[in-house]
Amino acid sequence: MRATTATPLNARERQRSSHQLSHSKPNGNKLDSSQQTAATETENYHQLVARATNDAVRDWNLVTDALIWRQGLDRLLGWKPASGDTILFWQKRVHPDDRAWVTASIRDAIKSDADHWSGEYRFRRADGTYLNVLERAMIHRDKTGGAKRFVGVLMEITARRHLHDQLVHSQKMEAFGQLAGGVAHDFNNLLTAILGYSDLAIAEIDGRSTIGKYLSEIRTAASRASSLTQQLLAFSRSQPAQPRVLEVNALVSGLERSILRLLGENIAITCELLPEDRLAHIRIDQSQFTQIMLNIALNARDAMPGGGRLILRTETVTISATAQHPKIPDLAPADYVVFSLIDNGGGMSEEVKARIFEPFFTTKEDRNGSGLGLATCYGLIRQNGGQIMIESELGRGTAAHIYLPRVPNPAPSITHKRQRLSSMPTGKETVLVVEDDLSVRHVTVRTLRLLGYNVVEAMRADEAKRCMIEHPESIDLVVSDIVLPDISGRDFAKWIRAHSPRTQAVLISGYLPYVTSGDEDSFPVCLPKPFDPEQLASAVRSALDAAPVN
C-alpha cells in the first residue's frame, strides 16, 4: 500500500470508515446517500482542519498494520508520501531512547478500553534531526470494544520542550548554586579560623623552627583552599562581575588543574604559554573567564570520549585598520590576547559549526546538554569586547580561539612579607564582635585583644543590641557577620546607624553578594572571608579612623 497525504478515502475505505463510525455490523447494509454525503463532508472537514495546522496526521489500521499519513508527512517531517506505508516506518523513526516506552504505552492503551492516548516523544526527520512531538490520538473501536484504528495528530513542540528544558536546567543550576554558595560560606568560616590561628601561632614562635615551618605550610594550604571557595562562588554566580587586570599566563596556569580534573585521566593537557619576557594582561572578571574556559573544555572533553589531548595556548596579535582578521572581519582594530583550546577529537561538520552558538542547540541526544554553554560563552566574550572563532573539521579535531582585548601591563606590585602582630595596626578602642560561628568569633576576639583592643562578644544581634543600649557611649566599633540567625547584618548595621551614629561598623561575610550590594554608605568597611589577622587589623583600624571627629 502506498502512503497518501490528505487525499479522499476511496469508496471502499469510506464505506468501511462509515460502518465503523456508525458502529454498524461488519456485514451491514450499504450506506444510504444521506449517510454517504455526511461521511464525505465529515472527512473533508477533518482534512480542512488538518491543513490549517502544521501538524502531521497518521491513520494506523490496527487490523492490517497499514499506515496512512493524512497530513504533514512531507511538510513537517520531510519524508515523501510513499515512505511510510506501514507502522514499521513510524516505529523505526521514533528515537531509540523513546521507542520502548512509547510503543508499550500505546499497546497498553489499545488493550484497555481507552478511547484516547497522548504522549511526547522524539521523531526523526528525513534530514536526520529529531523533532519533539506531542501526539494526541483517538482509538476507534467496534461495538464489541475491539480496537480497529489509531488516528493520531503529531504536533511539533521542539521550541516548547527547549524552553521547558531551559527552565529545568535553570532551576537545577540555581539549586546547585545555592548549595555551592552555602558550602563556600561554611568553608570560608573554617578557613578564617585556620588562617587566624596559624598566624597567631606563628607570631608566638620562631618562624624558622620546624614547627614554624609546619605552621607556614598549614597556612599556605589554607590560602590555596580559599581559591576553591572563589571557584564555588563563581559557579554559584554569587559574585557580581568585578573586572580586574589579570596576567594571562597566570590565568591559564591557575585553571590547568581544574580543567584536568574536569577532563578525566584519559585526556592529557599541554600548555603553550607566552614566554616570560612577553607577558600580557587582559581586563575581565575572573569568574567569567573561568566559566568561558571550562565550558569550552567541557565541549572538548565530550568530543574525545575515548581520550585524547587538549592544548591550551596563549599568544598576542595586533589587528589594524588596514590588516583585518581574515576570518573575523568585524574584529575591531586593537591588540588582542588569543586563548586557544585545541583538541584532537571528532570535529564538527559545517552545519553543526554554523549553529554552535545558537541558544538551545546541542548535539547531545541524551538530553544532558542544555544547549546554553557555548551561547553563554559567546555572550560573555562579546560583553568583554572580544570574539571567538571556531576551526573544525570532521575527524581532525576542533580549535576554539578566544580573542580578548589586551590592556597595558600594570605597574609592578609591591610585595611584602606578612606582618607580625607587633607591627600590625593596633588600638585601645572598644570593639563589639557579633558572629554566630564559634571558631570565627573566638579567633577574631583573640586577635583583636592581642592588638590591644577592648573586646566584647555576642553570638546574636539581639545580644549585641542589648549591649549597645546598656552602654550607648562605650562601643566604638561593631565587627559583625552579615548573615546572623536573628537579623541580617545589613539591617543590623542600619540599626546601629540609627541608634548610635558615632559607632562604626565592619561587615564580614563569606558570601559576597551580601557585602557588595545595597547602600554602601551604611557600610564603610567590608571584609570578605576568609581573612587573616593582618587583614582584620587593617579593616578595623580603617573603620575606626573613618569615624567623624566629635
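All of the numbers you see were taken from the coordinates with simple rules; none came from a lab. None of the values given here were measured: they were computed from a predicted structure. When we count neighbours, we look across all protein chains shown, and the Cβ atoms used for this are built from the backbone with ideal geometry, even at glycine.
For the pairs Lys428/Lys494; Lys172/Lys465; Lys172/Lys327; Lys428/Lys529; Lys80/Lys327, note any where the Cα-Cα span goes beyond 31 Å. Spell out each step's value before the answer.
Values: Lys428/Lys494 25 Å; Lys172/Lys465 39 Å; Lys172/Lys327 37 Å; Lys428/Lys529 24 Å; Lys80/Lys327 39 Å.
Exceeds cut-off: Lys172/Lys465; Lys172/Lys327; Lys80/Lys327.
With the cut-off at 1.5 for a/c, could you classify the stretch 51-183 from its C-alpha gyration tensor as rounded, prolate or oblate?
Details: a/c = 2.66, a/b = 1.74, b/c = 1.53.
Taking the square roots of the gyration eigenvalues as a ≥ b ≥ c, the stretch 51-183 is prolate.
Tyr214 versus His164, label points 7 Å from Cα toward the beta carbon: distance in nm?
6.0 nm
Any idea how far apart Ser118 and Glu358 come out in nm if each label point goes 7 Å out from Cα toward Cβ?
2.8 nm
Would you compute the Debye intensity of the stretch 260-411 from its alpha-carbon atoms alone, equal scatterers and no solvent, and pass along log10 I(q)/I(0) at q = 0.12, 0.17 Å⁻¹ to two decimals?
Here log10 of I(q) over I(0) equals -0.53, -1.06.
Which listed residue (Thr426, Val525, Ala493) has the Cα farthest towards the positive end of the charge dipole for the stretch 423-545, taking +1 on Lys and Arg C-beta and -1 on Asp and Glu C-beta about the Cα centre?
Thr426
Once the convex hull of the alpha carbons of the stretch 423-545 is built, what does its volume come to per residue, in cubic angstrom? Numbers along the way, then the final one.
On the way: hull volume 11.0 nm³, N = 123.
It is 90 Å³ per residue.
Under 14 Å between alpha carbons, and skipping anything fewer than 8 positions from Lys213 in its own chain: which aspartates and glutamates qualify?
Candidates past the 8-residue exclusion: Asp199, Glu204.
Give the order of Ser34, Ser340 when sorted by the count of other beta carbons within 10 angstrom, beginning with the fewest.
Numbers: Ser34 8, Ser340 17.
Sorted ascending by nearby Cβ count, the order is Ser34, Ser340.
Going by amide H atoms built from the backbone, whose H comes under 5 Å of the H on Val506, apart from near neighbours?
Val478, Val479, Ser480
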